[in-house]
Every structure is written in C-alpha cells, then in structure tokens.
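Since the structure comes first, as structure tokens, the remarks are kept for the end.
The values are calculated or read from the model by the stated rules, or taken from the named source; none is laboratory data. Keep in mind that this is a model prediction, so the values were computed, not measured. Ideal geometry is used to build each Cβ from the backbone, glycine not excepted, and the neighbour counts take in all protein chains shown. Side chains included, ligands, DNA and RNA excluded: accessible areas come from the protein's heavy atoms. Shrake-Rupley method; radii C 1.70, N 1.55, O 1.52, S 1.80 Å.
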Amino acid sequence: MSTIKVAIIGCGTIANNAHIKAYIANPDAEIVYFCDTIKERAEKAVRDYGRGQAVEDYQEILDDPEVEAVSICTPNDVHAPIAIDCLRAGKHVLCEKPAARTYAEALEMQKVQHETGKVLNIGVVNRFNTGVNIIKNMIQAGDLGDIYHVYVSFRSQRSIPGLGGAFTTKAIAGGGALIDWGVHFLDIVMYCSGDPKPLTVTGQAYSKLGRDMKGYSYLNMWAGPPDYNGTYDVDDFVTAMIRTEGPSITLNGAWAQNIGVEEMYIDFLGDKAGIRLQYGQDFKLYSAQNGALLETTPKFNATDMFQNEIDGFLRCIRTGEKLPSHIDTVILSSQIIQAIYDSSDLRAEVSFE
C-alpha cells in the first residue's frame, strides 16, 4: 500500500514540536509540502527534516491531487477557511485546536465535512493521552460512582504569550486564556464525562493585567517577545459554571493573575471516589474503604499522545473509523466556549434549550 502524502500548513511551534515528528515516525506517511506565509519557515523545515517542498501559498497544495491529508498548524483566524478549502479540494484534515475562533465558524467547518465526507479531526490531543483514557474508562466502569461535579483550574501568575501578537489579538485568536488553555481542560472534562449535552452556562471573562502592555511585569514570555505596538484585547482571566445533562462543571482560568501559585488540574467528584488529574501528568484516586480514607497513585506506561493522534488520523483515512477527535464530537467544546464568552458579554446566563 502506498504512503499517504501529507502537507503541513503552518510551520511554527506546534508543527515542529509535534506534528512533523509524528508523521516522520509513521511509515504510512510521507510529508511532501511544508507551507507557511513566511516562506523562510517552510524552507527551514525542508532543510531540517530533509524532505518535502517549501511553498508560501496553500493553494499549491489544493491543486496537487496526490496530497491526501493536511495538518493545519496556523493561527486560529485561518483554521476555518483553510480547512474548508482543503475539504472541498478532497483532502483529509487534522486542524489544531481550537477548531475555530467562534462556534459559527466551527459549524461551517462541520457542515463542509458532512458535504464532502472527508475526515476533519481537531487537535484535542488529550483524547489520545494514556492517563486521560484510563480515567475515562474508570468513570465508565462506575469506579467513581455518580460523577456529580467537575472542578477545573488552569491558572498561572504571569504567562501571557507573545504580548501584542497573534495570541492577544481577538481578531486572530478569537479569545485569550479560555480559548487557548481552557479548550484543552474543557475537552478533557467532556471526553471523560461522555460528552454530555450542555444545558446552561454562566461565565465572566476579564481582560485586566495585559491591557497596560508596557506596565505588564513578567519573568518569561512564551510566544514572545512582546510587541508594544500590537494589540491586547483578549481575556487573561475567566470563570464559569456549566450545567450539563451529566455533571455540573466549574472553572477558573488565568494566563495572568496576581497570585503566585500555578494550578493546572481537574477534579472529578464522584459519590464513591474522586480523581485529581494534574494536567499533563499523573492522577490520584481518593476513596474510602473499611472506615479508612485511601489515596492511590496509579502507575502506567504512558505513550506519546501526539504520536497517537497522528497515527489515529492516518489510520482513519484508511479505514473510515470515526475518532473521538472528529468535528462532530469536538464541536461541543466550541459551543461551550462561545457560550462562556456570550454570557460574559451579556452579563447573563446562556441557555442551550
């Protein structure tokens, strides 16, 4: 069987740290294009990885009938148009998270996926994380009993990325801490809880610490350096409560806060047991037995979730399998994030009924 010819659109951090290496490690894939609007980045990828052709315009990829699959690793504002163009050109698509800047854009992506029948997976990579899947299986098996509430905390003291750049410009990113970090945490909650239907959302998003860009103090800045001539109009703190047909969910998230404690965890509260998952790390199980309170740290062999994601994407192109990262499932996260932002703007609860 011939290899699946792949194009990488967007040659920044996530492409180099995850997608490209995973495709190279899979014998079923052959990267034939690196595309970036800054062509030097694409040319560097060709040199670094010793394969493929560098292009500046993704239209060249659309016009090549041999390309079967693309990874979209661009800023959020072009996720929807590039994904839609690729689907209509007969390409299978893995698009980095979030699906799009808004729920409306994500719905249009889903509509075109249904029209074309091509694969459209979203890069909610934690659905391919070993520990997350163990938790999901434990919840499904009833080990925690009735999961009645999930609490989420993703907070850092001063971690606004690339102040003044794409991450902090709403027209490009769609939002700040919520759409950048929160999408991963919310998606883990929904996935482990069985993707329950959301009912109502109350939320408030704040843009506080980054607004005075020159006065913003920090120790380091990922996606930096700051551009003081740029824009800062996104949220650096968010809080929300979500009611679903399953558990209720509360969250507090911050790129930046005046509290010097970082918290990156999810608490699953069941009436038989509870779990605290430290994001990107292990988890602990809390329970009671024979009058004693128990604390257990499960041990397991963790596989590379990005490799699992890429391997699954390539496999479902061959088999037609519908992965948990398919747009039909992941669109729930876009819907909830949009509702939090809408609730914040309206200063009122948003209902899904």
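Things worth noting here:
- Looking across segment 60-90 at every residue that is charged (D, E, K, R) and free of Cβ contacts under 8 Å to residues at least 60 places away in the same chain, the one that is surrounded by the fewest Cβ atoms within 10 Å (Cβ to Cβ) is identified as ASP63.
Conditions (1) under 18 Å from LEU269 (Cβ atoms); (2) in contact (Cβ under 8 Å) with a residue 24 or more places away in the chain; (3) over 17 Å from the mean Cα position of the chain (by Cα), marked per residue:
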position: ALA141; (1), (2), (3): yes, no, yes
position: SER156; (1), (2), (3): no, yes, yes
position: ALA173; (1), (2), (3): no, yes, no
position: ASP180; (1), (2), (3): no, yes, no
position: GLN204; (1), (2), (3): no, yes, yes
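- For segment 3-120, the helices (runs of 4 or more DSSP H) that sit wholly inside it and include 3 or more residues that are within 19 Å of HIS326 (Cα to Cα) and at pLDDT 95 or above are 79-88, 103-116.
- Applying a threshold of 8 Å to beta carbon distances and a minimum spacing of six or more residues, or different chains, the list of pairs starting in segment 219-234 at a residue that is among the acidic types (Asp, Glu) and ending at one that is open to solvent by 60 Å² or more (accessible area, probe 1.4 Å) reads ASP233/LYS170.
- Only residues that are out of contact with any Phe, Trp or Tyr (no Cβ under 7 Å at 6 or more places or on another chain) and either outside any helix (DSSP H, G or I) or over 17 Å from PRO298 (Cα atoms) (or both) were counted across segment 127-139, and they come to 2.
- Where TRP255 falls short, out of the listed (1) more than 30 Å from GLY145 (Cα to Cα); (2) under 23 Å from the mean Cα position of the chain (by Cα); (3) open to solvent by 60 Å² or more (accessible area, probe 1.4 Å); (4) among the aromatic types (Phe, Trp, Tyr): (3)
- Answer residue from segment 206-218, given it is assigned to a loop (DSSP other than H, G, I, E, B) and in contact (Cβ under 8 Å) with a residue 12 or more places away in the chain and is surrounded by the fewest Cβ atoms within 10 Å (Cβ to Cβ) among those: SER217
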